[in-house]
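I'd like to ask some things about the structure below.
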Amino acid sequence: MNPHYGVVLLDGVEIIFRIYEIMDHEWKLFHYHSSVVSTSFETSDILEIIGDFFATEYAQHIAEWKVCSRQHPKKLLNELSQALALTIEDISLHREQELICKGMFTELW
């Protein structure tokens with residue numbers, strides 16, 4: 001079985017899950033899912049969505065998860081990080097641009 005890696009992106013009210021499979025040294029999208037929370041969400045709402053997804057068959061046997069966030073308060077990220085026991089990277093505009101450029105370089109090389 002090829003290894004799978006997961007990314008969770010907290011982007012405003014949307015929570016995006018992407019699972020990649022490495023095949024022949026290439027990253028292939030294995031599964032994509034997104035959920036939307038209401039604009040007046042709480043930490044527990046996000047945790048419930050993430051927990052529900054982590055319980056799916058797609059999310060089983062993931063070698064590593066990366067969790068990233070755009071434009072969320074530090075307090076929320078700290079609460080989520082503690083509850084999930086995962087580090088959450090707060091993506092600034094500069095970091096987002098860096099990741100896009102690295103992705104373009106590796107995809108288009």
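The values are calculated or read from the model by the stated rules, or taken from the named source; none is laboratory data. Predicted model, so just to flag it, every value in this text is computed and none were measured. Glycine also receives a Cβ, built like all others from the backbone with ideal geometry; neighbour counts cover every protein chain displayed. The protein model used for the area step is the full one, side chains on, heavy atoms only, and it has no ligands, DNA or RNA in it. Shrake-Rupley method; radii C 1.70, N 1.55, O 1.52, S 1.80 Å.
Residues of region 47-73 being in contact (Cβ under 8 Å) with a residue 12 or more places away in the chain, small (Gly, Ala, Ser) and surrounded by fewer than 16 Cβ atoms within 10 Å (Cβ to Cβ), which ones?
Residue satisfying the conditions is ALA63 alone.
Here's another thing I want to ask about it. Please go through region 27-42 and give me each residue that is in contact with a helix residue (DSSP H, G or I) (Cβ under 8 Å, 6 or more places away or on another chain) and modelled with pLDDT of 95 or more, ordered by number. I'd like the intermediate steps shown before the answer.
So in region 27-42, the residues in contact with a helix residue (DSSP H, G or I) (Cβ under 8 Å, 6 or more places away or on another chain) come out as 33, 35, 37-38.
Passing the criteria: HIS33, SER35.
Any residue that is over 13 Å from the mean Cα position of the chain (by Cα), of a type in the set (Val, Ile, Thr), loosely packed, with under 12 Cβ neighbours inside 10 Å and assigned to a loop (DSSP other than H, G, I, E, B) - is there at least one of those in region 33-46?
yes
Moving to a separate point now. Of the residues that sit in region 60-101 and are closer than 18 Å to ILE19 by Cβ and in a loop (DSSP other than H, G, I, E, B), which one is modelled with the highest pLDDT?
Across region 60-101, the extreme among qualifying residues is LEU86.
Does region 4-19 contain any residue that is outside any strand (DSSP E or B), of a type in the set (D, E, K, R) and open to solvent by 50 Å² or more (accessible area, probe 1.4 Å)? Let's see the steps before the verdict.
To start, the set of residues in region 4-19 that are outside any strand (DSSP E or B) comprises 12-13.
With of a type in the set (D, E, K, R) added as a condition, the list becomes none.
For region 4-19, residues outside any strand (DSSP E or B), of a type in the set (D, E, K, R) and open to solvent by 50 Å² or more (accessible area, probe 1.4 Å): absent.
Would you point out the residue of region 78-97, among those that are in contact with a strand residue (DSSP E or B) (Cβ under 8 Å, 6 or more places away or on another chain) and among the polar types (S, T, N, Q), that is farthest from TRP65 (Cα to Cα)? First the steps, then the outcome.
As a first pass, look at region 78-97 and keep what is in contact with a strand residue (DSSP E or B) (Cβ under 8 Å, 6 or more places away or on another chain): 80-81, 84, 86-91, 95-96.
Keeping just the survivors that are among the polar types (S, T, N, Q) gives 81, 87.
Working: SER81: 12, THR87: 9 Å.
Going through the qualifying residues, I end up with SER81.
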